[in-house]
Amino acid sequence: MAVGFVRPARPDDAGEIARIQLATWRVAYRRVLPKHVLDEIDEAFLAQRWSDAVTAPPTARHRVLVAVEQNAVEQAVQEYVVGFAASGPFDDGALAADEDHTPERENVAAVTDMLVEPRWGRRGHGSRLLAASVDLWRGDGFDSAVCWAFDADAATRKFLTSAGWAPDGATRALDVDDLLVPQLRLHTTL
């Protein structure tokens, strides 16, 4: 029987988080981002960035969580990291192009990444990651949260809106190798 749970990321998870990020982007965003850009992403570079995020977060309110699926196979337990979520306080990365950083956003959490590897999807891992994040945000004194999603990423938008998130009207476009990729920001109250 499979069991799913969420735990804080450990330093030895960084390589798996990078692998999941790259694999998920190459599947989920293959029609959103240019293929050559996805092909050129360096997994070792991502792993180092995730290692830094786990071992030296900018603040105590910056967190990386991993979703784990655990299976009992022939008297042994196997664990697989199948997804992750990263978040922290609202910062300049959560702003739309025409916004200023204002003090009233001090109690807003910002999701920087939340991905479940597609082959492990539809097993509740994303919901567990989101619920664990919300619990931690509340404990950290946040009263709302934001997350950017690609306009063309219907799956992420559907997942978040089904969990009570809604667009807040902010939009931006990421410049990816001279291609502008539109995003919209979703928010929720905690």
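Every residue, every condition in (1) of a type outside the set (D, E); (2) without any contact (Cβ under 8 Å) to a residue 12 or more places away in the chain; (3) out of contact with any Asp or Glu (no Cβ under 6 Å at 6 or more places or on another chain), yes or no:
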position	(1), (2), (3)
D12	no, yes, yes
E16	no, no, yes
A28	yes, no, yes
R31	yes, no, yes
H36	yes, no, yes
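Against the definition (of a type outside the set (D, E) and closer than 20 Å to R123 by Cβ), how does R61 come out, yes or no?
No; evaluated as a whole, the condition is false for this residue.
Output the residues belonging to region 145-190 that are among the charged types (D, E, K, R), part of a strand (DSSP E or B) and in contact (Cβ under 8 Å) with a residue 12 or more places away in the chain.
Once the filter is applied, which keeps residues that are among the charged types (D, E, K, R), part of a strand (DSSP E or B) and in contact (Cβ under 8 Å) with a residue 12 or more places away in the chain, region 145-190 yields D168, R172, R185.
Restricting attention to region 14-38, report how many residues are surrounded by fewer than 15 Cβ atoms within 10 Å (Cβ to Cβ) and assigned to a helix (DSSP H, G or I).
The number of residues fulfilling the criteria is 4.
Quick check on my filter: what residues within region 2-13 are surrounded by fewer than 18 Cβ atoms within 10 Å (Cβ to Cβ) and aliphatic (A, V, I, L, M)?
A2, V3
FYI, it's all coordinate maths here, none of it is from the lab. In this text the structure is predicted, and so the values were computed from the model without any measurement. Glycine also receives a Cβ, built like all others from the backbone with ideal geometry; neighbour counts cover every protein chain displayed.
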